[in-house]
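To keep things clear, I will list the structure first and then write my remarks on it.
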Amino acid sequence: MPTFENIKAKYNTLKFNSIASILESLVKQAEENEISYLQFADLLVSEELKNRETKRKKYNMKKSHFPSMKHLEEYDFNCQTTISKRQINSLLDFSFIDNRENLVFIGPPGVGKTHLSIGIGIKAIEAGYKVLFVSALELIEELDLAELRGELKNKVHSLLKNDLIIIDELGYLPFNKKSMFNFFQFINSSYEYKSLILTTNKDFTQWSDFFMDENVAVPTVDRIIHHSHIFMMGGDSYRLKQKLEER
Ligand code: ADP
Ligand code: MG
């Protein structure tokens, strides 16, 4: 006669740990509700699938490296007249990720570019996508280091395992020639393959300033904007507004 203990052990051997952990209550529930064998078979596997998905999303959230959890629900669209809630909500079917399109948020400091990027990233993870948040500075450091070690290709490949890569604060520092080339390699590899969200304080006409070289700036910008949704944001810094209101 099988016992719960040895059935659970078998489920655990097969790594059906969620089923194993609640087998008794599932069986009890089935008996009480007199469900069919078919329904019971479905109940078991659905429970396991649900728990695996929850775990996967939790893991993806941890691996996304968001510097802080900024939710879209906390974004006050009344304070920001250059972008509407409807515009942002229309992105949340994630067709932009499925179609490998990019989002570019351009605007001065403090208007909420990073907040919106993280908010969209969180929703994407909840919808099942893999997301990575990285500052432009970190990304360039990582690419340069990989290039020094002769591992640039591997690095780019591993970054592009994500469905969406958020590159924050492009344009605060100029690139040197080597970094510029490495960054171009990354952009070129992501082109029509994975989605990016970029935030920057510089509009495209100023991009050659931080790429320092038109020959790389032009094809880089070209690839970024070819399939992209561009949001020009303006207004006053939210941080500054809050500070002034504190007085
Ligand atoms: P940016 O990336 O454009 O410099 P951030 O996204 O970092 O700006 O925003 C600066 C701070 O102000 C953050 O703490 C952010 O949560 C907050 N913030 C900016 N805009 C809004 C807004 N419209 N509603 C709520 N918080 C906002
Ligand atoms: Mg920012």
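Only one of 78, 154 is surrounded by fewer than 19 Cβ atoms within 10 Å (Cβ to Cβ) and closer than 26 Å to residue 203 by Cα. Can you tell me which?
Result of the check over 78, 154: 78.
When you scan region 104-119, how many residues do you find that are more than 9 Å from ligand 2 (Cβ to nearest atom) and open to solvent by 20 Å² or more (accessible area, probe 1.4 Å)?
Residues in region 104-119 being more than 9 Å from ligand 2 (Cβ to nearest atom) and open to solvent by 20 Å² or more (accessible area, probe 1.4 Å): 1 in total.
Residues of region 126-169 being among the acidic types (Asp, Glu) and touching a strand residue (DSSP E or B) at 6+ places or on another chain (Cβ under 6 Å), which ones?
Answer for region 126-169, where residues must be among the acidic types (Asp, Glu) and touching a strand residue (DSSP E or B) at 6+ places or on another chain (Cβ under 6 Å): 168, 169.
With the condition being away from ligand 1 (no atom under 16 Å from the Cβ), I'd like the helices (runs of 4 or more DSSP H) fully within region 20-132 carrying at least 1 qualifying residues.
Fully inside region 20-132 and qualifying: 37-63, 95-98, 113-126.
So which residues in region 205-240 are closer than 22 Å to residue 185 by Cβ and within 23 Å of the chain's Cα centre (by Cα)?
Across region 205-240, the qualifying residues are 220, 221, 222, 223, 224, 225, 226, 227, 228.
Looking at (1) touching a residue at least 24 places away in the same chain (Cβ under 8 Å); (2) open to solvent by less than 80 Å² (accessible area, probe 1.4 Å), can you tell me which one residue 12 breaks?
It fails just one condition, (1).
Which of the following residues is at pLDDT 95 or above and out of contact with any helix residue (DSSP H, G or I) (no Cβ under 7 Å at 6 or more places or on another chain): 63, 70?
63
Limited to region 157-195, what total is found for residues that are open to solvent by 60 Å² or more (accessible area, probe 1.4 Å), within 16 Å of ligand 2 (Cβ to nearest atom) and under 20 Å from the mean Cα position of the chain (by Cα)?
1
All but one of (1) assigned to a helix (DSSP H, G or I); (2) surrounded by fewer than 12 Cβ atoms within 10 Å (Cβ to Cβ) hold for residue 1; state the number of the condition that does not hold.
(1)
Looking only at residues that are under 25 Å from the mean Cα position of the chain (by Cα) and basic (Lys, Arg) in region 17-66, which one is least open to solvent (accessible area, probe 1.4 Å)?
The extreme case among them is 57.
I need the full set of residues from region 81-94 which are open to solvent by 40 Å² or more (accessible area, probe 1.4 Å) and touching a residue at least 60 places away in the same chain (Cβ under 8 Å), in order please.
81, 82, 87
Scan (1) farther than 25 Å from residue 95 by Cβ; (2) of a type in the set (A, V, I, L, M, F, W, C); (3) more than 16 Å from ligand 1 (Cβ to nearest atom) for the single condition residue 204 breaks and write down its number.
Only one criterion in (1) farther than 25 Å from residue 95 by Cβ; (2) of a type in the set (A, V, I, L, M, F, W, C); (3) more than 16 Å from ligand 1 (Cβ to nearest atom) is unmet by residue 204, namely (1).
The values are calculated or read from the model by the stated rules, or taken from the named source; none is laboratory data. Predicted, not measured: the structure shown is a model, and the values here were computed from it. We place every Cβ from the backbone using ideal geometry, glycine too, and count neighbours over all the protein chains shown. The accessibility values were calculated without ligands, DNA or RNA, using every heavy atom of the protein model including side chains. Shrake-Rupley method; radii C 1.70, N 1.55, O 1.52, S 1.80 Å.
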